[in-house]
Amino acid sequence: MEVGAAGFEQCLPGLRARIRRAAFLALDMEFTGLHSTSPQNNEPSLFDSPAERYPKARQSVQCFTVTQLGLAIFSNENSNKYVVHAYNFFLFPSTLGVSDVEFTLSASSIRFLSHYGFDYNKFLKDGIPYMNEVQEKILSQHLLAGSWKVSSALDRDVLKKAIDEVTCWIAAAEEEETMILQDLSGYQMFDVQLVLRHALQNVWTQPLGDKKVMVKKVSPQHRQLLENSPYDYFQKELILLSARGFTNLFQTLVKAKKPLVGHNMLMDLMHLHDKFYKPLPESYEEFKRNIHNLFPVLIDTKTVTKSIWKKCPFPRVSNLLEVYAVLCSSNLNPKDPACPVIALASDCSRYAEKSSPHEAGYDAFLCGSVLLKSAHLLLCRSTDGAVEGDPSFSQYLTVLAEYLNKVNFIRGGVSSINFSGEDAPCHHPPVLIVHVRGWPGMNERQIYQEFEALCRFDVRQLSKNQFILLSNKFKQLVLRDYQHHPHLRVSVYRHWRHSPRVNCLLQVSGIVALWSLLAFVLGGAPCCS
């Protein structure tokens, strides 16, 4: 089900009720870009620890924005049957009274989403607004101070036209006469009323719905009574509620404390924090603590399925849709009456008829389905296939215990980030070292280009003429092919032999030992009489 700004407030009460009744929630997000290429060396690297990767990812999250958020609500209706309500929320940063938001578009990401049918008109024209706590505080201060700023040039034109109409009308109008302003969007209705009430002490405004605002000429005394009325439909709390937009639903997710499921969900969690909670902190550990407080139970299906590859006859596949297809196959999952039954609600039944990869709501549905099927496989394995009765979701959580709060870490020194404790120590695959001879001025990019045809390496310069190569698919042929190269000598890196610090220490130790020996020899020589 697609939800935009026009229908969001109407859907919100029902969404909140479904979330409260849910067994768990699955989430997926689409962005205007993934990895910022500015500054250089900002891309993920196999050399990265989670703490080293975090500032790179943080900069990317600050550059890009969310275009679409998919939420799949899995409700355990009875025994082993789960009913799924899947939603696509088009999002767009709030422009109501806050400083204008800037974000970057990555050409490759835009083309990728366009290829899969993403509707950018819905993103731009009907995106649900949102803001984090810092932005909301600024907006609240503006409302209390009576100061206001209209960010959009289009809104300024609409506002100027409305003010001109009211100014011309009010000069000849009698008290209690009214006029109607028409064709105002949601934010424009707020802007117009704020500015008119602030600028003219003898008018009162009231939203009528259907893009209309009523303007009434009143006496100052009547105006004061109306301002203190509890029936004013233009209270500041209502403005904040509307400006928060999707953040209202985010706060419901946080309060519900339901298990949150994703696939490769690190960037999703970082955007959730930055866009709807608070700007991302500089500290990696603070980010982890905040996320754990917001969502105490995280399950990354990438982490789970990587483990299943090792424990079960599970083919290695590359993306979420392929994982889902394999788990649904009869070879891996023969008829089992205890296997969870997943039924799509009628308002999103098209997902049962046609796959929609990289549509956030569909991918969220896949995440939750993969979780249930993976958990059932693990439960069967733990009981040697003797699953009694219909398993409850709490039983699935028990067999998933070792994966809880372990979010997959792509191309780095650890396999996952632990959001409920310390990360595992970094462990790298075999490292190669390249010694350059006769090619002055070689840099990391040139070394990368030299070896990219053989294997995808990450490169880091060790010294003026030495470079470290790291790959998660180490290939012996690199050592073989460069055995007799005139300018490049490749060997396996040995810390005690190749580390500049170790070499420096050995040299200093050698010098100290030599001076000690000389002092001993000279000091022990016989004295001449």
Qualifying position, being assigned to a helix (DSSP H, G or I) and closer than 19 Å to residue 244 by Cα, among 112, 90, 123, 103: 123
Number of the condition not met by residue 109 [criteria: (1) over 23 Å from residue 260 (Cβ atoms); (2) buried (at least 23 other Cβ atoms within 10 Å of the Cβ); (3) under 15 Å from the mean Cα position of the chain (by Cα)]: (2)
Residue among 51, 26 that is in contact (Cβ under 8 Å) with a residue 12 or more places away in the chain, open to solvent by less than 20 Å² (accessible area, probe 1.4 Å) and among the small types (Gly, Ala, Ser): 26
Segments classed as helices (runs of 4 or more DSSP H), wholly inside segment 264-319, with at least 1 members that are open to solvent by 50 Å² or more (accessible area, probe 1.4 Å): 284-294, 301-311
Condition met for residue 343 (at pLDDT 80 or above and assigned to a strand (DSSP E or B)): yes
Search result, residues across segment 179-205 that are surrounded by fewer than 21 Cβ atoms within 10 Å (Cβ to Cβ), of a type outside the set (A, V, I, L, M) and closer than 14 Å to residue 239 by Cβ: 186, 197, 198
Checking residue 352 against (1) touching a Cys at 6+ places or on another chain (Cβ under 7 Å); (2) more than 17 Å from residue 264 (Cα to Cα), the condition it does not meet: (1)
Residue satisfying all of: in segment 239-252; in a helix (DSSP H, G or I) and open to solvent by less than 10 Å² (accessible area, probe 1.4 Å); nearest to residue 318 (Cα to Cα) among these: 250
Only listed residue being assigned to a loop (DSSP other than H, G, I, E, B), open to solvent by 60 Å² or more (accessible area, probe 1.4 Å) and among the hydrophobic types (A, V, I, L, M, F, W, C), chosen from 424, 352: 424
Where residue 367 falls short, out of the listed (1) over 23 Å from residue 405 (Cα atoms); (2) assigned to a helix (DSSP H, G or I); (3) in contact with a helix residue (DSSP H, G or I) (Cβ under 6 Å, 6 or more places away or on another chain); (4) not polar (S, T, N, Q): (1)
Residues that are assigned to a helix (DSSP H, G or I), at pLDDT below 90 and either among the basic types (Lys, Arg) or open to solvent by 40 Å² or more (accessible area, probe 1.4 Å) (or both), drawn from segment 379-402: 381, 382
Looking only at segment 1-52, and only at residues there that are in contact with a Cys (Cβ under 7 Å, 6 or more places away or on another chain) and assigned to a strand (DSSP E or B), the one that is nearest to residue 88 (Cα to Cα): 3
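The values are calculated or read from the model by the stated rules, or taken from the named source; none is laboratory data. Because the structure is predicted, anything quoted here is derived from the model rather than measured. For neighbour counting, all protein chains shown are included, and Cβ atoms are generated from backbone atoms with ideal geometry for every residue, glycine included. All accessible areas refer to the heavy atoms of the entire protein, side chains included, with ligands and DNA or RNA removed. Shrake-Rupley method; radii C 1.70, N 1.55, O 1.52, S 1.80 Å.
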